[in-house]
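Written below as structure tokens is the structure these notes are about.
Only the coordinates and a few stated rules stand behind these numbers; no lab work does. All figures in this text were calculated on a predicted structure; none of them were measured in a lab. Counting neighbours? That spans all protein chains shown, and the Cβs are built from the backbone with ideal geometry, glycine included.
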Amino acid sequence: MSSFLDKSHTIAPPGYNRFLVPPAALAVHLSIGQAYAISTFNLPMTKLLGTTEDWSLLQIGLLFQVAIAFLGISAAVFGRWVEEGGPRRAMFTAALCFSSGFMVSAFGVWVHQLWIVVLGYGVLGGCGLGLGYISPVSTLMKWFPDRPGMATGMAIMGFGGGALIAAPLSVALMAYFKTATSQGVIETMLVMGALYFVYMMIGAFTVKVPEPGWRPAGWVPPAVPKKLVTSAQVDVNEAMRARQFYLLWGVLCLNVTAGIGVLSQASPMIQEMFPGRVTAAAAGGFVGLLSLFNMVGRFFWASTSDYIGRRNTYMIFFALGVVLYLAVPTTGQIGSIPLFVLGFAIILSMYGGGFATIPAYLRDMFGTMHVGAIHGRLLTAWSVAGVAGPFLVNYIRQYQIDHGVAKADAYTITMYIMAALLAVGFACNYFVTAVNARHHFRNAAPSAAE
Amino acid sequence: MTPKMIALWLIVGIPLAFGIEQTLEKVATLFY
């Protein structure tokens, strides 16, 4: 089995159709995207015993935070292992971690021990998220050197789409397994663990890497590389000595902080900004719309970046983001729900676009040699943002309400702070320049470069 | 388009289409 998982056994034969690779990547990303839908377990998990001994929403919220933290940590720690071992081994391991995370969590629910649930879904599942997230990235960029943004955007779009599948699936499963004495959480976790294992294995067993030096038929690399697109290679450890790594870390962190804070509070926010005009069901529709834009934005913006350049794409994210965040309180004051919804839909498309465009940006800066590993280390920015974003929105809102500000107005300052964060992101992106030649890998063989 | 290609794209496309359809049903509540 170990040899079957080796990178050497995944090299595609001549004439292999490269469009067989994106579905393999999508199978993994559609599975691990379930993380965004973990909140569907929240309410049932507060009623497991039907007594005051049940877990609180705050305690269960730990699941998502620990999972996202371990996503970043595992991607950073194992990025090089993923890069060296190839996508099949990484996808296989990710499937084992992610599905066994569900199994361990189901056991934790059964014995009603929160730490086991967190250990299962949060730690083990989180490692599955990290490994699964980065596993197909560099492979896709090697298959699509002509359209790296589109290729990675397609896979990372799957992460956004995964939540759209998992939310109704987990609700339906819990409804099916629910009895007078059980919420159906254990059975649902076991079934989802098994389903995702099979689905991710389809990805692991079909993924292939191109042979060294492979190029799409008829495609020749541009004789004069575009500005800010390197033809050199940078080692992952050396990349961390380059200023550009930290600027891009800031770019990702600030873009995600601004988006994730809103995403986590979207439902109460629209209801409180338009009191009496938006029902809870309509607020659910608003959240659904944001999820759709989050998903579509990943493919749209990453593909667009192939034409307009990565730096320009982020310039649009940050500049337009600042304008939209500054305009949102006004849409509330004039009572325009359509403008409010439209503003946040565009913001969330750029949130998704930020995730999807960053691998190609890293490839432009540091080459393809260790791009997966560098991407893994950069994902720690997501972990930080995953904690900082919701905290900022919740804390600032509560602080204002405690000081007598009306609920409808309590988001105004938050929006201005988000705009300020995006302005800092704009500055980080503005200062991104080509990586100094002293960081380039000296003995890069042509095969490694491909 | 080989059978393998069609099968693989259907395997990822059908669940995604299901998810999008379910989400669009929720989104519709915004307009009523």
- [ ] Quick one: order A:Ser264, A:Ser383, A:Ser39, A:Ser135 by neighbouring beta-carbon count within 10 Å, fewest to most.
- [x] A:Ser39, A:Ser264, A:Ser383, A:Ser135
TODO: Would you list, by chain and number, the lysines whose Cα falls below 19 Å from the Cα of A:Lys226, excluding same-chain residues fewer than 8 positions away?
DONE: A:Lys142
Task: Among A:Val287, A:Val234, A:Val209: highest mean-square fluctuation, GNM of chain A, C-alpha pairs under 10 Å - done: A:Val287
Open item on the list: What are the ³J(HN,Hα) couplings of segment A:17-33, residue after residue, when phi is run through the Karplus curve with 6.51, -1.76, 1.60 and θ = phi - 60°? Round to Hz, x for glycine and proline.
Closed with: 7, 5, 6, 7, 7, x, x, 5, 5, 5, 4, 6, 5, 5, 6, 6, x
Open item on the list: Between segment A:256-278 and segment A:149-179, how far is it from one alpha carbon centroid to the other, in angstrom?
Closed with: 22
Task: Those lysines that a straight Cα-Cα span of less than 22 Å connects to A:Lys47, excepting residues fewer than 8 apart in one chain - done: A:Lys178
TODO: Please report, in debye to the nearest 20, how large the charge dipole of the protein assembly as shown is about its Cα centre when each Lys and Arg carries +1 at its beta carbon and each Asp and Glu carries -1 there.
DONE: 960
TODO: Would you mind ranking A:Tyr16, A:Tyr314, A:Tyr36 by Cβ crowding within 10 Å, fewest neighbours first?
DONE: A:Tyr16, A:Tyr36, A:Tyr314
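Evaluate the charge dipole of segment A:167-255 about its Cα centre and quote only its size in Debye, nearest 20, assuming +1 on the Cβ of each Lys and Arg and -1 on the Cβ of each Asp and Glu.
Working: 7 positive and 4 negative charges, 73 e Å.
Dipole magnitude for segment A:167-255 comes out near 340 debye.
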Task: Cβ-derived FRET efficiency at R0 56 Å, A:Arg442 paired with A:Thr51, nearest 0.05 - done: 0.30
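Only helical DSSP H runs with n ≥ 4 go in: add -39500 (n - 2.57) per run for chain A, normalise by residue count and round the 222 nm mean residue ellipticity to 500 deg cm²/dmol.
Values: 20 runs with 317 residues, N = 450.
Calculated at 222 nm, the ellipticity per residue is -23500 deg cm²/dmol.
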- [ ] Please report A:Val28, A:Val207, A:Val323 as a ranked list, fewest other C-beta atoms within 10 angstrom at the top and most at the bottom.
- [x] A:Val323, A:Val207, A:Val28
Task: Max mean-square fluctuation residue, GNM over chain A, Cα-Cα springs under 10 Å, options A:Ser31, A:Ser231, A:Ser105 - done: A:Ser231
Open item on the list: Springs between alpha-carbon pairs under 10 angstrom, Gaussian network model over chain A: which of A:Gly161, A:Gly372, A:Gly108 fluctuates most?
Closed with: A:Gly108
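When the chain is fully extended, how far beyond the present Cα-Cα distance does A:Trp110 get from A:Tyr399, taking 0.36 nm per residue of separation? Could you put the intermediate results ahead of the total?
Values: separation 289, 0.36 × 289 = 104.04 nm, distance 3.81 nm.
Result for the pair: 100.2 nm of gain on full extension.
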Task: Selection from A:Ala217, A:Leu252, A:Val207 lying farthest towards where the dipole of segment A:155-268 points positive, charges on Cβ - done: A:Ala217
Task: Partner chain coverage, peptide A:162-170 - average Cβ within 10 angstrom - done: 5
Open item on the list: If I model a spin label as a point 7 Å beyond the Cα along the Cα-Cβ vector, how far apart are those points for B:Trp9 and A:Ser231 in nm?
Closed with: 3.4
